[in-house]
Each structure stands twice: as structure tokens, then as C-alpha cells.
Amino acid sequence: MAGGAVAAGSSPREQRGQRNQRDQRDAEELLPLALSRPRDALARARQVLAARPGPYEASVAHQAAGIVLRDTGDVDAGVRELRDALRLARRTGSADREADVLATLGLALVYAGRTAPGLTALDRAVQLSSGVLTGRVLHRRGAVLWTLGRYAEALDDLRRAVGILRRAGDRVWTARALSARGVVYLAIGSPGRADADFVAAGDWFAGTGQELESIHTVLNRGVAAFRSGDLPAALSYLDEATARYRPLGVPGASLSLDRCDVLLAAGLADDALAEADAAIRDIEQAHGWSTMRAELLLMAANCALTAARPEVALDRAGAAYRLFRSQRSAWWQAHTGLVLARAQYAAGMMSGQLLRAAGRAAGRLEALGSSDATQAHLLAGRVALGLNRRDDADRHLIAAARSRRRGTAMSRASGWLSEALRAQAAADPRRLLAACRRGLEVLDEHRFTLGASELRAQATAHGAELAALAQRHAAQAGRPRLLLTWSERWRATALAVPAVRPAADAEFTASLAALRQVTSELEKARRQGPPPAALQREQRRLESVVRAYSLRTRGNAHPGHSTIDIAELLDQLGTVRLVEIVDVDGLLHVLVCEPGRVRQFRAGRAEEAIRAGDFARFALRRLARGRPEGDVGSAAAILAAAGPRLEAALLGPAAAHLGDGPVVIVPPGRLHAIPWALLPALGRRAFSVAPSAAAWLRAGAAPAPGHRHVTLARGPSLDSEGAEVPLIAPLYQDVTVLAGAEATAGRVLGALDGAWLGHIAAHGRFRAESPLFSSLRMHDGPLTVYDFEQLRRAPYRLVLSSCDSGLQAPAGADELLGLVSSLLPLGTAGIVAGVVPVNDHAMVPLMVSLHRHLRAGASLAEAMCRVRREVAGDPLPQATAISLVTLGAA
């Protein structure tokens, strides 16, 4: 039968019945539409109701509108629509119609925080339903029980629902029940079973037109991958879900929760907190789900804790706890209680009351079967140690240590940390070091699944306390070789193997090119006034695309030997003295290494060194401006005073034990931006800086190219116009010069790939908030770290006569992110770069002199030493030379 036609010869009564059946079928199409195309469903529901339909059709229309409003954030309005739907359903006399609406209403009431009436409605819906509808209602009650943390009951309902719906061949509802069951499996720690359910749900959804729910299976597969420890896969699934969500115009609170989980595991706590807070604002503006808002508040509290913002964590966790208590959710109350206790501990609120709170949280979480019980026991153990209650500490730490042999890498590492704390309390150094070693080995497995250098660096934060425990023991025991071993164990490990290059497919390459163009347009606009907001938004969007693409890259390396061979290191030093500076609880310990010997000295405090470094950098910036003579003299006097102050803080008595030969400085990550040439013990000798002793060894072993090709490039808008480049070019035979329109990012990268020596004269920009977008300005826009990571082999030596090009951002435990750190794993053996803004005109003669020494056979460190000696006593050139640091070994 087509359209509105009825069978010929039918009686009027039969015709009315046929029309009623048709109207019911048309109305019921609204329900699946509400979960696939919510905007269309709401508009059609309003059209149906405007036509004053009968009670059945009106009930369905109100139900569809209620579903859309519930799922797009306005839960209270959704509840009102569903109450109207229930009133009309009862007028139809259909038990199934009433049961279906009751189930939808029950779900909405729980989302609105009215748990008891919501469960009552769902229980009544189960009683009224029959056949396939029973499976649908059981699915909805199971989803609510999962939300409330009642997992065993939820699994019972969902297993029954899957059986009923699958036998009936109900594709959409079978897929929904499988998805819900997978979520419960995730909650009880079975990611393999969960992923199998999500895959099956995706197959059942195929061809049904349920786009929104199909996206949920992708999202859930991301969560399962995350729980299995596969962060790159998790990020890929979440990015796919995000891209598919946007066109539907629905809130992404669930997606935000899952993204926060993954970002936290990756060590990106600030990103995670920003995501959680934005989702909270969205859901509050839309008067959205009470349960979802509470979960987002709890997530924000966790993010704030990891980002070392305990006051923010206390605020968010307190608000979450009040909401969960009103919902009578034992599961979520227990988890929020743990976060509140962790925030109090982080804020220094040590007390017997806190110990009791942590102990209660541990007991409740164990009773609920939550894996977070390990964290609660670990917290209680820490608090008990702080209160000197050894028996309580041992009891809790033993319980937490049980996780060291099972679960995810993070869970096992927490178990080994608990074991290490027990050993420390028992004054058992052998057990302490063994536990620290095992815990870091577990985290190695996790880190090397990651391809992106940013993720590898940030992920080391998870092992910072294990490394610090071992370092503290070695420093207190006065065992310099042991302290060197443990300092190297967890320092600059992200540089131990090259970052995996993202496949240079069309999307990634196009995004980098578009980002260069937009950034170039922004710079032009800024020279004329405030830049257009649309350009700034597009720059942020493209940066997000590029970063997301990189983060999804899967690792393919293996940790290999994770401990440096100290004897081998000392044998390879020759005339070099290696000076490793170790920050132990804020006090700097200096290890002076020479063949066959490591000596340990105490210097100043790390904060004193940072303040002295900032003071010196300020004076160098003043000199770089080349202001009037009086100002130059004042800045030079500041520099003269800053040098000894810096040396006392950084080296202390070790400065007298550096010998007469070259020196390699290995500082902690947050001390890399020091202008080291300012130290009296270093200024007139050849020295270089390295992120770790192991990195220095690798740089020294990097083979030089067989041919001595030199690449020289100069970017736009330099005060000197890159005048050193045409003066340097005649010094070499095999040379490529790129300037003007030829100095594009692509051509410069191509010419640098595998070169013996590269020199780039360009404006540099360091991005502390996003160090992998630190850049050098080329003719067509910025040349970023993401571009450098596309090199097959970085240049053997590189000179960057650019402002701030040598700056790097500390990350993770003791890692570095920036332009120069991206090049060391790719084969660059030595780099000269600036750690403060430099004077372009003063740089020209210095660079010409540097290259003359390099052509004569000097290393980068030797060449820079000779340059500094040549300009000694001339304030501006001297300050410019001091602003440059040599990194690596060539």
C-alpha cells in the first residue's frame, strides 16, 4: 500500500483501523530517529504534536522529544515531556506502551539525580513489559545500574537483554545491549571482553542508520584500548569519535570523560583539566545530567591533582561528592572520597583524620571490587609514614603492593612504588633499589608503546617518585657511582630512541603547510594592528590537528638496556670531565666524572640556581638591545656579578675539580636554559651541554656523513638580513645557500637532511606552553619541531643563530621538549643555539669566526671557546657569545 491509500472495499471501521496503524508506525519511527538524528527527531515530534494526534501517537512524540532533550543536556525539560508521554500512554490501554515510556522516564530521572523514583519506574516497566520489549527495558535498567556502580546487577540485566534481543533479531537494541554490557565489562576490569562486545555492537549497528550510537561504539573501543595500555590506539578512536560527533550537534560529555582519562595517562594533566572544565561549563549551561556533571567534576578533581593544583581538586571533588551523595551512589561516593583524601594530602593537611579517611576509602573500594583500592591503600600508607605510625603504614603498603604483579602498567608501577616505600621505611636498601628498578621496567614497557616524543617525555612523570627514592638513598649513602646510575636511569629517556615519524600522508602534510600559511598571515596582520580573530582560531585548530596526528603515532621501539654502564662511560671520557648535576629534594649534588673515578660534591639549592640564571638572562637581554653606553656598562656589571653567583649555586666546590681539559655539563631539565659560559670555571674552556650522559655518548658515537655537504639558510625580517650567510658560504666547497623565496620550510628541510653541517639564520620562537610548536621563521612560515621530526637523518652539526632557539621545556620526570631535543635522537651530534634573544648585527662576525674555526678542524665546543676568547672585553659581542650554548658532542 502506497502513501495514505487504504484497501478498496474496506468498511469505514477497517479504514480507521488501517489509518491508526499507519499513524502509529509513522509515530514510532520517531524513537530510533531520536538516537540517530536528534535535531530532526525533535522537529518532527513538534510537527506531530501540532496536528493534535491521538493519545498513542502523542505519547510517542512526547517520548521522542523527551529522549532528545535528555540526551542533549536539558534533562528537566526531558522529564516533563516524558511525564506527558506516560500520561498519554496510560490512556491508550497498552501495557507495552506504558512500559516503554516508564523505562525512558526512569533513565531520565536517574540522570536528573532522582535515583529512587527512577529505579521504581524501571522496575515497574520490567513488570509491565513482555517479549522483545522486556529485553529493551532490561537494557535500560542495566544501563542505570551501571551508572550507579551496581555492576553485578547491571551485568545480570544486560546478559538477559542480549539473549532476548538477539533471538528476536532486533538489530538496534541488540547492539545497544552489547554496548552497555561492554561498558560494564570495562568497569570491572575486563577490557578484552568489553572490546569484543563493542566490535559486535558496531556490526549490529551497521546499516541501521543509528549514527550517534554507532559513534559510541568507536568511543568505547578507545576506552578499551586505553584500559589495555594502548594509548596511540585509544587516541585514534577518540579522535575518530570526535570528528563524527561534531556534525550531529550533541554534547560530548562522555567523550570528554574518556579523553581526560587518556590525556592523564599520557601525562598531559593540564590538557585534561582544560577539557574537563570546558565540559562542566557546557553541561551546566544546558542544565544537563546530574550524574554526568558529577562525573565530570570528579574527573576535573583528578586532573587538578595530577597538575599539582590541590586547592582546585578539593573544590571540584567536594562538589562531586555532594551530587553523588544526593544520588545515593555508593560506588561514586567511595571514589570521590579517595580523591578528596588525595587532595588533602597534596595540600599538606596531614592528620590522623586524613589517615582514617584514606583507610575508609580503601575498605569501601575493596568491598566494591574497585581497582582504585590500591591507590587508597598507597595513600593511607604514605599518610601513616608521615605520622610515624609504622604498623599502619606497613599494613596499607602491603595491601597496595599486591598490584605489582597484575593489572595495567600504571597499576603494577604503583604496586612497586608501595613496595619501595615499605623497604625505605624498613631501612632495607637492597629491597628498595630492586623495587624501584622493577617499577621503572614496567613503565618502560608502557612508554615505548608511544611513538610521539611528547607522550614519551610526559609519561616519565609516572616514574618520577621511584627514581627519586633511589637517588635519595644513593645521595644520603654518599655513593657517587650509584647516584650517577640512578640519575641516568630516568633522565632524558625519551631521547634514547628516535621518535617515530608520523606517516607523511596527505592530511598531515597539508595541515603543516596550512599552519605555516596561517601563521605567516597572522604575523603580517600583527604588524598592522590587532590580528583577526578568525585567523587566530584557524591557527589553534590547525595546531590541534597536527598535534593530535602526532600523538596517535604508535611506538615501535624496545627499551633495551635501561641502565648505563658506568665503567664504560668513564673509560670513554679520556681528557673530558663529565659533570652531572642531580637535584635531590631541591639540593644540587654535583658528580664529577673522569676515567676510573666519580666524585660527589654538594652545591646550592635548585631554586637559588634558577633565580641566578633568570638574573643573568635578564642582563644578557639588556645587552642584546644595544642601548646607550651607560646601559651597556650597567648590564655588563650585572653579568660580571652574576657569573660567580651562578657558579656557586650550580657547581659549588666542584668548580675547583674540573681539570684543564674540555667539560660536558649534564644538568637537570629545568636548568638547561642557563648561560653556562658565564660561569668563570667554564667561560674560557671548551664545554658542551647534554641532556644525559647516555645522550652525550650516543652523540659522540654518531657517524659523520661521508661527504661534507653544508647547508646555509636565512629567513626573513632579520635586522642583519642574515648577513653572515654570504660571508660564510665561500668558506666551504660543497654548499647549498637558501635565501629569500627559496628559503621555504620544505626546501630547507630537504637540504638539511643528512648534511654534514647546517646553519640557519632566522628568527626563533620558543613556545613554553606548546614546545613542539617552537619554530624558526622561514619564507613561507614557521619550521617547527613537527617538521624536523620528518627528517630521515638530521644534520650532523647544526648552528642556529636565532633568538631562544636553544630553549627547551622541562617535561615529565627529567625530560626536555623543544627544537634541539628533537634533533639529537635523529643523528645530530652537536648543536650551537641561543638561550636568550640575541643581537642580529653582533651575531654576524661571531658566526663568521665560528665557521672559520670549524673549517680548520675544531669541534663546535672548541670553536665556540675560541670565539668567546676573541671577543672578551667587548661587552656586546661578549654577551652575544655567552648567549650561545653548545649541545651534544661534535
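The values are calculated or read from the model by the stated rules, or taken from the named source; none is laboratory data. Treat the numbers as computed from the prediction; the structure is a model and nothing was measured. All Cβ positions, even for glycine, are placed from backbone atoms using ideal geometry, and neighbour counts span all protein chains on display. Heavy atoms of the whole protein, side chains included, go into the accessibility calculation; ligands, DNA and RNA do not. Shrake-Rupley method; radii C 1.70, N 1.55, O 1.52, S 1.80 Å.
Numbers for the structure displayed
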{"item": "Å² per residue, accessible surface of the stretch 100-252 at 1.4 Å", "result": "35 Å²"}
{"item": "Fraction of the pair-distance distribution of the stretch 50-168 above 24 Å, Cα-Cα pairs, percent", "result": "23 percent"}
{"item": "Trypsin sites (Lys or Arg not before Pro) lying in DSSP loop within the stretch 192-286, provided at most 13 other Cβ fall within 10 Å", "result": "none"}
{"item": "Accessible surface of ILE188 - all protein chains present, 1.4 Å probe, nearest 10 Å²", "result": "80 Å²"}
{"item": "Of the trypsin sites (Lys or Arg not before Pro) in the stretch 288-347, those whose Cβ has at most 16 other Cβ within 10 Å and which sit in DSSP loop", "result": "ARG328"}
{"item": "Selection of trypsin sites (Lys or Arg not before Pro), the stretch 719-813, meeting DSSP coil and at most 13 other Cβ within 10 Å", "result": "ARG792"}
{"item": "Amide H contacts of LEU450 (H built 1.01 Å from N, under 5 Å, at least 5 apart or other chain)", "result": "GLY555"}
{"item": "Alpha-carbon Debye profile of the stretch 745-890, log10 I(q)/I(0) at 0.11, 0.12, 0.13, 0.16 Å⁻¹", "result": "-0.38, -0.46, -0.54, -0.82"}
{"item": "GLY830 long-range amide H proximity, modeled H, under 5 Å", "result": "LEU798, ALA889, ALA890"}
{"item": "Residue-level accessible surface for PHE788, protein heavy atoms, 1.4 Å, Å²", "result": "0 Å²"}
{"item": "Kirkwood hydrodynamic radius of the stretch 418-474, from inverse mean 1/r over distinct Cα pairs, in Å", "result": "11.8 Å"}
{"item": "Whether the stretch 688-728 is rounded, prolate or oblate, judged on the alpha carbon gyration tensor where a/c under 1.5 counts as rounded", "result": "oblate"}
{"item": "Expected 222 nm ellipticity per residue - DSSP helices of 4 or more, -39500 (n - 2.57), all of the chain, to 500", "result": "-19500 deg cm²/dmol"}
{"item": "Two-decimal log10 I(q)/I(0) for the stretch 258-358, as the Debye equation yields it once each C-alpha is a single scatterer, q = 0.10, 0.15, 0.16, 0.19 Å⁻¹", "result": "-0.25, -0.57, -0.64, -0.89"}
{"item": "Value of Rg/Rh across the chain [Cα atoms, Kirkwood radius]", "result": "1.06"}
{"item": "Karplus 3J(HN,Hα) series, Hz, for the stretch 871-877 with 6.51 cos²θ - 1.76 cosθ + 1.60 (x for Gly, Pro)", "result": "9, 4, x, 9, x, 5, x"}
{"item": "Using distinct alpha-carbon pairs, which all enter the 1/r mean, Kirkwood radius of the stretch 152-289 in Å", "result": "15.6 Å"}
{"item": "Where only C-alpha atoms are counted, convex hull volume of the stretch 341-485 per residue in Å³", "result": "120 Å³"}
{"item": "Rounded if a/c under 1.5, otherwise prolate or oblate - the stretch 631-760, Cα gyration tensor axes", "result": "oblate"}
{"item": "Whole-percent carbon and sulfur share, accessible surface of the chain, 1.4 Å", "result": "49 percent"}
{"item": "Where the stretch 717-861 is the region considered: accessible area per residue in Å², 1.4 Å probe", "result": "30 Å²"}
{"item": "Calculated log₁₀ intensity ratio I(q)/I(0) where the Debye formula runs over C-alpha points of the stretch 93-235, q = 0.10 Å⁻¹", "result": "-0.33"}
{"item": "Surface accessible to a 1.4 Å probe, per residue, for the residues of the stretch 339-394, Å²", "result": "47 Å²"}
{"item": "The stretch 801-860 versus the stretch 93-129: alpha-carbon centroid distance in Å", "result": "67 Å"}
{"item": "At 1.002 mPa s and 20 °C, Stokes D of the stretch 33-101 from Kirkwood alpha-carbon radius, µm² per second", "result": "184 µm²/s"}
{"item": "Nonlocal amide H pairs with SER883, under 5 Å, H built at 1.01 Å", "result": "none"}
{"item": "Percent RCO, i.e. relative contact order, over the chain, from Cα pairs under 8 Å lying at least 6 residues apart", "result": "7 percent"}
{"item": "Cα centroid separation, the stretch 431-466 to the stretch 218-287 (Å)", "result": "24 Å"}
{"item": "10 Å-binned pair-distance histogram of the stretch 224-282 (Cα, whole percent)", "result": "24, 55, 21, 0"}
{"item": "Cβ charges +1 (Lys, Arg) and -1 (Asp, Glu), total dipole of the chain, debye", "result": "1680 debye"}
